[in-house]
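Before any comments, here is the structure.
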Amino acid sequence: MKTLSHEIPEKLNAKRSKCLVYTRVMGYHRPVESFNIGKKGEHQQRTHFKEILV
């Protein structure tokens, strides 16, 4: 999912932490960071949706 990029003030950089993104692959969860280049590209092109509960 693509997000809008916003400028982060320099004073907040010290408080930031790395965010790991996981995705479900063949029935188990795996970090996207460990994917090869092709799989990372495929993950970026996926369409995300929000389920509407009725």
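Could you give me the residue pairs with C-beta distances under 8 Å whose first residue belongs to segment 1-23 and is farther than 17 Å from HIS48 by Cβ and at pLDDT 75 or above, whose second residue is part of a loop (DSSP other than H, G, I, E, B) and of a type outside the set (S, T, N, Q) wherever it lies, and which are 6+ apart or on separate chains?
These pairs meet every condition: ARG16/ILE8.
Can you list residue pairs whose Cβ atoms sit under 9 Å apart, with the first residue in segment 31-54 being among the polar types (S, T, N, Q) and the second being open to solvent by 100 Å² or more (accessible area, probe 1.4 Å)? Count only pairs 6 or more apart in sequence or on different chains.
That search, which allows pairs on different chains as well, returns GLN44/MET1; GLN44/LYS2; THR47/MET1.
The values are calculated or read from the model by the stated rules, or taken from the named source; none is laboratory data. Quantities reported herein were computed from a predicted structural model and do not represent experimental measurements. As a convention, Cβ positions derive from the backbone with ideal geometry for all residues, glycine included, and neighbour counts pool all protein chains shown. Heads up: the accessible areas ignore ligands, DNA and RNA and are worked out on the full protein's heavy atoms, side chains in. Shrake-Rupley method; radii C 1.70, N 1.55, O 1.52, S 1.80 Å.
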